[in-house]
Amino acid sequence: MATVYVNDRAVDIGDERLNCVQAAQRAGVTIPHYCWHAALSVVASCRMCLVEVGERKVDEKGEVSTVMQPKVVPGCQTPVKDGTVIRTSDAKSKDAQQRTLESLLLNHPLDCPVCDKAGECLLQDYSFQFGKAESRMVDEKRTPPNKPDIGPHVNLFTDRCIMCSRCVRFTREVSGTAELHIVNRGTHAEIDVFEGHPLDNKLSLNVVDLCPVGALASKDFLYTQRVWNLKSANAVCGGCSTGCSVHVDSNKDIVYRLRPRFNPRAQGHFMCDAGRLGYHHVNDPARLRQYLVRGENGTRAVDWAEAAGICREKLGAAASRDPGRVWFVFSPSMTVEEAWLLANYARQLSPFVKLAMGAIVVEGADDTFPKDRKGRPAPQVKFTIRAEKAANVRGVRGVLAHFQKERLDYQQFLQAARGGQVDACLISQGQSPAIYKPGVEEGDALAGVAFVAVQELFASPLTDRAHVVVPASAFSEVDGTWVNHAGLAQAKRASCAPWRGTRTDGQFYLELLGRKGLVHAGNLRREVAKAIPGFKPLEAADLGEYGVFCEKLKDLA
Amino acid sequence: MSHHHGTREVSPHAAHVPPGPLPADIREQIVALLPRYPSKQAVTLPALHLAQDRLRCVPPWAVREIADILDLSPAEVHDTLSFYGFFRPASDPLGKKRLWICRSLACALRGADQILDQAAHKLGVEVGGTTADGAITLELAECLGACEGAPACMVDDEHIHHIDQDGKMDRLVEDLRKG
Amino acid sequence: MAAFEPVLLRRLNRPECKNLEGYRADGGYRTLERALKEMSPDQVTTVVKDSGLRGRGGAGFPTGLKWTFLPKGHPGPIYLCVNCDESEPCTFNNRYLIECDPHQVLEGIILASYAIRATTAYFYVRYEYGSGTRTMQRAIDELYAAGMLGKNILGSEYSLDVVVHRGAAAYICGEETGLIESLEGKRAWPRIKPPFPAIEGAFRKPTIVNNPETLANVVNIVERGGEWFKSLGVPPDPKNPRDAGSYGSKLYCISGHVNKPGIVELPMGVTLRELLEVHGGGVWKGRKAKGAIPGGNSMGFCTEAEFDIPLDFNGPGKVGCLGLGTAAVTVFDETTSIVDVLHNLCRFFAHESCGQCTPCREGTAWMLKIVERIKRGQGRLEDLAILEEVADKIGIMPGTTICGLADGAGWPVKTAIRKFRDEFKTYLREGPGKGPSAGMRLQMAGGH
């Protein structure tokens, strides 16, 4: 067990191998840094993390002495061991910190009023905490031209760059695509791409997160919101079964961006562009906002309670006549709690009602990164975009398997519908249209079904056939649990309230079940954990920021 | 040492830059260097020299071809290329001969800054530019290591000492123009 | 006083020794032969270590000691990188060695490679030494043809390849890890240390980087013995236990406002004054000296009053210079403006800064901007304070940068201001003055 002393505070770092920046973090002390990142090689070039380091010795008489090194050292390249002493705010460190910040600001444009990064900018933050209030620079600053087309998703404000090289290292070490490089040398050095080879890889937007300042910007987010107006929810990306942990940033129920959230149990530090940009459908004005009932007299809008009531009536009646001809289709983007509630309702009707998994989109094969320079996957994998473009296949299957031995998939449902073997169905289809759009033939398959209830985000061939259309919840509106490819169950928090007059899917299912009260994900987790052995780890209710592994669910692909 | 900050206009000599691919003998020479190093990337600098010596610049297609031979991305090759300020883009290729005039201390103490200005004036170019006839590119150099012969200059990679001697610069320019 | 008989430069005026036959006829390669036959690699290292030879590239690190840092029993490959980048302004001693006595350098390369068990020696040579490069390549080709490079050198068990690798005009390629990065095909951004090259160097393998003059010394030391080497130069200061002495002879370069610029080989410890007066022919045009740099741009300035320092590893430090550096002395006369001289050096370092780390990238550019503004007549007294402070705080000595370029950039600034403060203050008040400034012109801002 190793003890490190940070500003005279002892912290036990166990047997972890840490550098000074990490050891200080454990002690709750920030050593400012730019170029160091846990997922990238160490270059120690920004010099922001210069601190004093020494060793604490106890002699045979028990006398403690501390011997500090004469020069400041970069904390990011200096490993700590038992007895290491770190001083981050004594005179030498302070002086080094002030000078580094003064140096960085010599050529940095005074762009804060127009820069996206304001409010989450490490140059701002560290200048405020560690810098000096005034600059001594009276000479002209460099003003290299900006590069708005450095990539299809990324904009480069060249003059803001502090040359930390994180972005370059990312494209060489994590994506492997190596599009970013540095041109020229000295004070003329700039980030650039080679002509004809823009920053265009599936992980490109991560460089915007990595950039400590506002040099690299996301075109998607540019000039849309001031970050201090955003509220941030811990959530999970539903783009594929990697299940990257994310922050969903929203303001007044509008989602403005997703950012990856570090999770060593899930994906690490990053996320892919498709997942990151896969939120636009949430704000799309074309989203279904009303509960619709379709009859011989046309379509009318109803309130949610009436819609639920009609569903209960029709599904109940069909189930009592012939339960084997009543189907429930579960979207692979449903949370565990939603699946639990809906399955409970289905079983409430009858043990013979059929439970089927909805459409699972699989695109190609798992895409691993980094690539080698010829574009082939390199042997040491740092990030995977999975072929299974669904958020919670294992979670939903885990619930379905508990209630029904036979495994039924979407094709089997469609076949039954086409074959005239379905009297009534409720289809939960809330997947992002970027991933899955129901086709005309699916709608046609429902032609002969007497009662169709469809939960959908957007109008589709399925809703065209529906007798009851229920507006589905987007991922940003739901508190719940998703289980990824490795069986990691993560809690995702809602950012936005559902549209005025609508209820979340879970709330709708509670209503079907006739249960009172509001959906509470934690309580539902405990219920599920109690009932289904595979979900036992969910009994903690609070799954922590990293989630919990449900080993038994892993292989339910 | 000129860095292409994008401030220089396209030179009229750019029209003479050949299109790709690399001449077969240049490509062969690059490939022949691979066994001398444990990594392919190490052949970058020698390859850039081979390309520029022949083409008088390193056009983008050459960067791509070198990258392909060395299993690098074009950006990685260009990263190295642009660090040195030695290699020219296709928009501003070198003339037949490159005249470097040293401006470091020993030479500056013996009038190098004036000599550089005078040379620019005489050749009718800015520092870094190429004469209209494509014969001479004028560059400034940092210490050439010819200090005992200050003020010194270099033609391609051969030193010439005492360039301030009467008429020596004029004669040199004449010789270079004759090619 | 008997003139010193050159050792390193003994073949300076004997061009017949540039080829293998002539070199061998002069006794060359007998030392190599004997070493390969009669000495183990470790024995060669011991001889070099015991001789007290310190690196001639500028850092003065004990050569044999550096060789012992290689990991024992390493399966290889191990590399020798010969640092012939020699870009420190005013320095040209390696140029003389490779142009005039290539085989002496090569014999040193092979001996050193044998001692460190290197499998390949990369001869990294600056682009601007075209003539020297071609001379070395011819000599290397001769050796391969004669079975003295490649497999089983001179019939021994030892094999070595020497590869010539040309630079592309960047000063930072003379920094040992900058050289390694450049060799590996990347931009020459020096590496953080640790790991040091002896542990993880070129291509991530154990590597020793040595200067050509150092390697030439190796031949003569193995031939004549460490005792001989120690009979030349300056022994350690008995009051300083960390002083490793300044043994052997050194190639001194003289340039600037002197009557006889050139190169001379002398036992270490000659004073700057003696070098100037006796070997450099004194200050030109009958003038007096104002000051000099004792060892290339990076060492800072000496005033004329300080010319009596010995040019050994300790001397220049006694008057506040960074060290001996490359032992390249450049003198400027009394009519020279120190502001012009400083401007020239600031311009150099800003141009050559690799740009990797904040203090040097921003600091060298800032110092240049300030000096340029002073030259334009818009300098302020506080600019001197800013310059001194910035210069003091950038570098590996305060620990703020990755490599020593920043120290080299700062030393001229602070020594110029501290030793010529009155001249600076006058310049701030009155501008460049009426006298000619020895051919150095005002440069326009941003002229690089």
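Among the residues of region B:59-85, write down those that are over 18 Å from C:Ile172 (Cα atoms) and in a loop (DSSP other than H, G, I, E, B). B:Pro59, B:Asp71, B:Leu72, B:Ser73 - these are the residues of region B:59-85 that are over 18 Å from C:Ile172 (Cα atoms) and in a loop (DSSP other than H, G, I, E, B).
Please count how many residues of region B:130-179 are in a loop (DSSP other than H, G, I, E, B), buried (at least 21 other Cβ atoms within 10 Å of the Cβ) and away from chain C (no Cβ under 14 Å). Going through region B:130-179 one residue at a time, the tally reaches 1.
Assessment of region A:498-517 against the conditions (part of a loop (DSSP other than H, G, I, E, B) and in contact with a Leu (Cβ under 6 Å, 6 or more places away or on another chain)) yields no matching residue.
Note on region B:19-55: among residues that are open to solvent by 20 Å² or more (accessible area, probe 1.4 Å) and either touching a strand residue (DSSP E or B) at 6+ places or on another chain (Cβ under 6 Å) or touching a residue at least 40 places away in the same chain (Cβ under 8 Å) (or both), the one that is farthest from C:Asp161 (Cα to Cα) is B:Pro19.
Taken over region C:321-336, residues that are out of contact with any Gly (no Cβ under 7 Å at 6 or more places or on another chain) and not acidic (Asp, Glu) amount to 2. What do you reckon, is A:Ser204 touching a His at 6+ places or on another chain (Cβ under 9 Å), in a loop (DSSP other than H, G, I, E, B) and over 18 Å from A:Glu120 (Cβ atoms)? Yes.
Residues in region C:355-377: is at least one over 22 Å from the mean Cα position of the chain (by Cα), over 17 Å from C:Glu88 (Cα atoms) and among the polar types (S, T, N, Q)? Yes: region C:355-377 contains one or more residues that are over 22 Å from the mean Cα position of the chain (by Cα), over 17 Å from C:Glu88 (Cα atoms) and among the polar types (S, T, N, Q).
Here A:Val227 does not fit the description of being under 28 Å from the mean Cα position of the chain (by Cα) and open to solvent by less than 10 Å² (accessible area, probe 1.4 Å). Residues in region C:367-385 that are in a helix (DSSP H, G or I) and either more than 7 Å from chain A (Cβ to nearest Cβ) or open to solvent by less than 10 Å² (accessible area, probe 1.4 Å) (or both): C:Met367, C:Leu368, C:Ile370, C:Val371, C:Glu372, C:Ile374, C:Lys375, C:Leu381, C:Glu382, C:Asp383, C:Leu384, C:Ala385.
Only residues that are under 24 Å from C:Ile172 (Cβ atoms) and within 25 Å of the chain's Cα centre (by Cα) were counted across region A:172-213, and they come to 4.
Of the residues making up region C:394-408, just one is of a type outside the set (A, V, I, L, M), facing chain A (nearest Cβ under 10 Å) and open to solvent by 20 Å² or more (accessible area, probe 1.4 Å), namely C:Pro398. The strands (runs of 3 or more DSSP E) located wholly in region A:2-65 that include 3 or more residues which are within 14 Å of chain C (Cβ to nearest Cβ) occupy A:50-58.
The numbered conditions (1) touching a residue at least 60 places away in the same chain (Cβ under 8 Å); (2) part of a loop (DSSP other than H, G, I, E, B) are all true for A:Ile360 except (1). Scanning region C:81-120 for residues that are outside any helix (DSSP H, G or I), within 23 Å of the chain's Cα centre (by Cα) and either away from chain B (no Cβ under 14 Å) or closer than 25 Å to B:Cys102 by Cα (or both) returns C:Val82, C:Asn83, C:Cys84, C:Asp85, C:Glu86, C:Ser87, C:Glu88, C:Pro89, C:Cys90, C:Thr91, C:Phe92, C:Asp101.
Across region C:171-183, not a single residue is classified as of a type outside the set (S, T, N, Q) and part of a strand (DSSP E or B). When A:Val361, A:Val399 are checked against the criterion of being surrounded by fewer than 20 Cβ atoms within 10 Å (Cβ to Cβ), in the same structural domain as A:Val478 (by TED's automatic domain parsing) and among the aliphatic types (A, V, I, L, M), a single residue qualifies: A:Val361. Within the option set C:Arg126, C:Arg204, C:Arg187, being in contact with a Ser or Thr (Cβ under 7 Å, 6 or more places away or on another chain) and within 30 Å of A:Cys49 (Cα to Cα) holds for one residue only, C:Arg187. The single residue among A:Thr187, A:Thr177 that is under 25 Å from B:Phe87 (Cα atoms) and not in a loop (DSSP other than H, G, I, E, B) turns out to be A:Thr187.
Exactly one residue out of C:Tyr158, C:Tyr127 is under 22 Å from C:Tyr23 (Cα atoms) and not hydrophobic (A, V, I, L, M, F, W, C), and it is C:Tyr158.
Conditions tested, residue by residue: (1) within 12 Å of chain C (Cβ to nearest Cβ); (2) basic (Lys, Arg).
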{"residue": "B:Pro38", "(1), (2)": "yes, no"}
{"residue": "B:Ala42", "(1), (2)": "yes, no"}
{"residue": "B:His49", "(1), (2)": "yes, no"}
{"residue": "B:Pro60", "(1), (2)": "no, no"}
{"residue": "B:Pro93", "(1), (2)": "no, no"}
{"residue": "B:Gly111", "(1), (2)": "yes, no"}
{"residue": "B:Lys122", "(1), (2)": "no, yes"}
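Scanning region C:409-448 for residues that are within 14 Å of chain A (Cβ to nearest Cβ) and either open to solvent by less than 10 Å² (accessible area, probe 1.4 Å) or at pLDDT 95 or above (or both) yields C:Ala409, C:Gly410. Within region C:283-336, being part of a strand (DSSP E or B), open to solvent by less than 10 Å² (accessible area, probe 1.4 Å) and closer than 13 Å to C:Val270 by Cβ holds for one residue alone: C:Val329. Among residues of region A:403-445 being of a type in the set (Lys, Arg) and within 30 Å of the chain's Cα centre (by Cα), the one that is surrounded by the fewest Cβ atoms within 10 Å (Cβ to Cβ) is A:Arg407. From the list A:Val168, A:Val207, A:Val255, the one residue that fits, being in contact with a helix residue (DSSP H, G or I) (Cβ under 6 Å, 6 or more places away or on another chain), of a type in the set (Val, Ile, Thr), at pLDDT 95 or above and within 17 Å of A:Cys35 (Cα to Cα), is A:Val207.
Within region A:382-395, residues that are assigned to a helix (DSSP H, G or I) reach partners that are open to solvent by 20 Å² or more (accessible area, probe 1.4 Å) with beta carbons closer than 8 Å, at six or more positions or on different chains, in the pairs A:Val393/A:Ile360; A:Val393/A:Leu556; A:Val393/A:Ala557; A:Arg394/A:His485; A:Arg394/A:Lys554; A:Arg394/A:Leu556; A:Arg394/A:Ala557. When only residues in region C:18-48 that are touching a His at 6+ places or on another chain (Cβ under 7 Å) and in a helix (DSSP H, G or I) count, which is surrounded by the most Cβ atoms within 10 Å (Cβ to Cβ)? Looking at the filtered set, the residue picked out is C:Tyr23.
Entry remark, region A:82-97: residues being within 13 Å of chain C (Cβ to nearest Cβ) and free of Cβ contacts under 8 Å to residues at least 40 places away in the same chain number 3 in total. For region A:177-198, the criterion of a residue being away from chain B (no Cβ under 14 Å), closer than 30 Å to A:Asp366 by Cβ and crowded, with 23+ Cβ neighbours inside 10 Å is satisfied by no position.
The values are calculated or read from the model by the stated rules, or taken from the named source; none is laboratory data. If you're wondering where the values come from, they're calculated on a predicted model, not measured in any experiment. Using ideal geometry, Cβ is built from the backbone for each residue, glycine included, and neighbour counts are taken over all protein chains shown. For the accessible areas, the whole protein counts, side chains as well, though only heavy atoms, and no ligand, DNA or RNA atoms are used. Shrake-Rupley method; radii C 1.70, N 1.55, O 1.52, S 1.80 Å.
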